[in-house]
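The values are calculated or read from the model by the stated rules, or taken from the named source; none is laboratory data. As the structure is a prediction and not an experimental result, all values here were calculated from the model. Here the Cβ positions follow ideal geometry from the backbone for every residue, glycine too, while neighbour counts run over all protein chains shown. Keep in mind that these areas ignore ligands, DNA and RNA; they rest on the heavy atoms of the full protein, side chains included. Shrake-Rupley method; radii C 1.70, N 1.55, O 1.52, S 1.80 Å.
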Amino acid sequence: MGEITLRPYEVSDIDEFLEWANDEEVNRLSRLEHFNSKEDALCYFKEVVIPHPCYRAICLDGRPIGFIAFEPGSGTARCRGYMGYALGTKYWGQGITTKAVKTLTSTLFKEFPGIERVEATAGLDNKASIRVLEKAGFQKEGILRKWMVFKGITTDVLMFALLSTDPPVSTS
Amino acid sequence: MDPSRISLRRFQLSDVDDFLKWASDDKVTRYLRWNTITSPEDALTYLEKIAIPQTYRPSICLDDRSIGYVSIKPGSGDDKCRAHLGYAVSAEYWGQGIATIALKMAVSDAFKEFPGLVRLEALVEVENMGSQKVMEKVGFLREGLLRKYGFCKGEIRDMFIYSFLETDLIK
């Protein structure tokens, strides 16, 4: 397998972005909706991706094949933030997402010094995502019932969290 | 406690003295996200600017006198399906089942007041055993321990998360 790195998205990445973002399997499992046109995707880039505090492309040999993002909280929630990710289907099953999560979490607490807790949720039957979080050192904290609206339906999720004080996992 | 003596109603400015009696008590505000209120002016401001305008933030009343409050606040946008529950009762009236009576009323109010609400949740600090017992008696389910979840009184705290679903009402 080639080198996995994270970097910010650029508008010039739009075609590679659309390749994984419009992947049916990715749409099925993530909250990302299908983009009907390149213009819609460019709009999403302008409104969501570019201004985001931490939205990175998961790259294989420099080419974007997915995303990983971290959104810090504010007010009484300023000690925590939420992480999400998705990867193009043809790259599944090779440990790439796990590598991306470990890479991000290894620098996250330094990049966002007030953050002590990174949380992520996974659908109860999303075995792949659950494995990613476990391998990346996240601890399962419980099932939150009907916590999230997913494709218009309220769904149960598994809550995972990684603390700044949790034992580090090697990024290899 | 005779449940018919407990009621929930919107705060009025005339509740200020009763409100101040319990809102000025550190024991009562210990686990709340708002700070103890010590002056009648601050109490009036709180009632006028926060308690009265909120969609659902009634006073818990004993014989129509304020001895506490309940707050239910839904999220916005995608998070409208869930709402956060908070409450407090004057320390003078602890141990009589009053919070349980009041919260049972508030829970059934909430699903009527907020259409589209599916889940009520409450966060309770690990040391707050009194509130944990109340949650369980009202019928909330403890789902897990969220570590270093949020700030309370300037410190990051671990909190138990409890939920009550609209579908739990039927049971």
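Determine, yes or no, whether A:I14 is touching a residue at least 24 places away in the same chain (Cβ under 8 Å), within 22 Å of A:T98 (Cβ to Cβ) and among the β-branched types (V, I, T).
On the way: touching a residue at least 24 places away in the same chain (Cβ under 8 Å): yes; within 22 Å of A:T98 (Cβ to Cβ): no; among the β-branched types (V, I, T): yes.
Taking the combined requirement at face value, the residue does not satisfy it.
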Condition met for B:F151 (crowded, with 20+ Cβ neighbours inside 10 Å and either farther than 25 Å from A:Q139 by Cα or within 13 Å of chain A (Cβ to nearest Cβ) (or both)) = no
Could you check, for segment B:154-170, whether at least one of its residues is acidic (D, E), touching a residue at least 24 places away in the same chain (Cβ under 8 Å), away from chain A (no Cβ under 12 Å) and part of a helix (DSSP H, G or I)?
-> no
If only one of A:A100, A:A77 is more than 14 Å from the chain's Cα centre (by Cα) and of a type in the set (A, V, I, L, M), which one is it?
-> A:A77
Listed residues A:R131, A:R78, A:R117; which is within 9 Å of chain B (Cβ to nearest Cβ), within 27 Å of B:S163 (Cα to Cα) and open to solvent by 20 Å² or more (accessible area, probe 1.4 Å)?
-> A:R78
Of the criteria (1) of a type in the set (A, V, I, L, M); (2) open to solvent by 50 Å² or more (accessible area, probe 1.4 Å); (3) within 12 Å of the chain's Cα centre (by Cα); (4) over 17 Å from B:S163 (Cβ atoms), which one B:M129 fails = (3)
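Taking the residues in segment B:14-47 that are assigned to a loop (DSSP other than H, G, I, E, B) and in contact with a strand residue (DSSP E or B) (Cβ under 8 Å, 6 or more places away or on another chain) as candidates, determine which candidate is most open to solvent (accessible area, probe 1.4 Å). Lay out the reasoning, then the answer.
Filtering segment B:14-47 for residues assigned to a loop (DSSP other than H, G, I, E, B) gives B:24-25, B:30-39.
Still in the running and in contact with a strand residue (DSSP E or B) (Cβ under 8 Å, 6 or more places away or on another chain): B:31-33.
Numbers: B:Y31: 73, B:L32: 17, B:R33: 148 Å².
Restricting to residues being assigned to a loop (DSSP other than H, G, I, E, B) and in contact with a strand residue (DSSP E or B) (Cβ under 8 Å, 6 or more places away or on another chain), the top hit is B:R33.
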Can you run down the residue pairs with Cβ atoms below 6 Å, 6 or more apart or on separate chains, where the first is in segment B:127-141 and at pLDDT 95 or above and the partner is hydroxyl-bearing (S, T, Y)?
-> B:N128/B:Y31; B:V134/B:T100; B:M135/B:Y162; B:K137/B:T100; B:V138/B:T100; B:F140/B:Y162; B:L141/B:S163
Of all the residues that make up segment A:37-71, how many are on the phi < 0 side of the Ramachandran plot and open to solvent by 40 Å² or more (accessible area, probe 1.4 Å)?
-> 15
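Tell me, yes or no, whether segment A:98-105 has at least one residue that is within 14 Å of chain B (Cβ to nearest Cβ) and open to solvent by less than 20 Å² (accessible area, probe 1.4 Å). Show your work before the answer.
Looking only at segment A:98-105, we keep the residues that are within 14 Å of chain B (Cβ to nearest Cβ), and these are none.
No, that holds for no residue.
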Do we have A:G123 as under 28 Å from B:L141 (Cα atoms) and within 14 Å of chain B (Cβ to nearest Cβ) here?
-> no
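Restrict the check to segment B:89-96 and report whether at least one residue is free of Cβ contacts under 8 Å to residues at least 12 places away in the same chain and of a type in the set (D, E, K, R).
No, because not a single residue in segment B:89-96 is free of Cβ contacts under 8 Å to residues at least 12 places away in the same chain and of a type in the set (D, E, K, R).
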Mind checking which strands (runs of 3 or more DSSP E) fall wholly inside segment B:48-146 and carry at least 1 residues that are within 14 Å of chain A (Cβ to nearest Cβ)?
-> B:65-74, B:82-89, B:119-125
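Of all residues in segment A:138-158, which are within 9 Å of chain B (Cβ to nearest Cβ), more than 13 Å from B:R82 (Cα to Cα) and open to solvent by 40 Å² or more (accessible area, probe 1.4 Å)?
Of segment A:138-158, the ones within 9 Å of chain B (Cβ to nearest Cβ) are A:139-149, A:154.
Imposing the further condition that a residue be more than 13 Å from B:R82 (Cα to Cα) reduces the set to A:139-143.
Selection gives A:Q139, A:K140, A:I143.
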